[in-house]
Amino acid sequence: LGATQTLERGADSMVAQMIRGPWADLDDETIMAECRVLLNAGFETTAHSLAFACGLFAAHPPAASRVAAEALSAHHGGWKELQEQGLERLLDGAPAGAFAESLRLFPLAAGLGGEA
């Protein structure tokens, strides 16, 4: 399969939407290069974000304990069975707030703003 051909399973993926839109005139090789850039950029930013958050958790054990307790209570019966309500609690509660604070203190694009 060429990059411009999508499988039914991924028809609504970001890449499939880009192929139908802004990337419509690109050849397969260029599309694959763009996908590699997106994958690498996502990997690096995620790794750095998690590293900074872990550093803050190490420096503030009570906050780390609160986030861990809330994360554990959000899943019933294991991570594979994370229910929608549990996911909403993770996204609205202490875990999301902790990561938002980490991003505020250590922005990945420091020149774009944010104050500590």
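Every number here is computed from the coordinates shown, using simple stated rules; none is lab data. Owing to the predicted nature of the structure, the values given are computational and were not obtained by experimental measurement. FYI the Cβ positions are ideal-geometry reconstructions off the backbone, even for glycines, and counts take in every protein chain you see.
Modelled spin labels at E29 and S49, positioned 7 Å past Cα toward Cβ, are 3.4 nm from each other. For F57 and S13, a Förster radius of 22 Å and the Cβ-Cβ distance give a FRET efficiency of 0.10, rounded to the nearest 0.05.
What net charge do the residues around P95 carry, taking every other residue with its C-beta under 14 Å from that of P95, with Lys and Arg at +1 and Asp and Glu at -1? Net of charged neighbours comes to -2. The distance between label points at A68 and D92 comes to 2.6 nm (points 7 Å beyond Cα on the Cα→Cβ vector).
Per-residue Karplus couplings for the range 61-75, computed as 6.51 cos²θ - 1.76 cosθ + 1.60 with θ equal to phi - 60°, are listed in order as x, x, 5, 4, 5, 5, 5, 4, 4, 5, 5, 5, 6, 6, 10 Hz, Gly and Pro entered as x.
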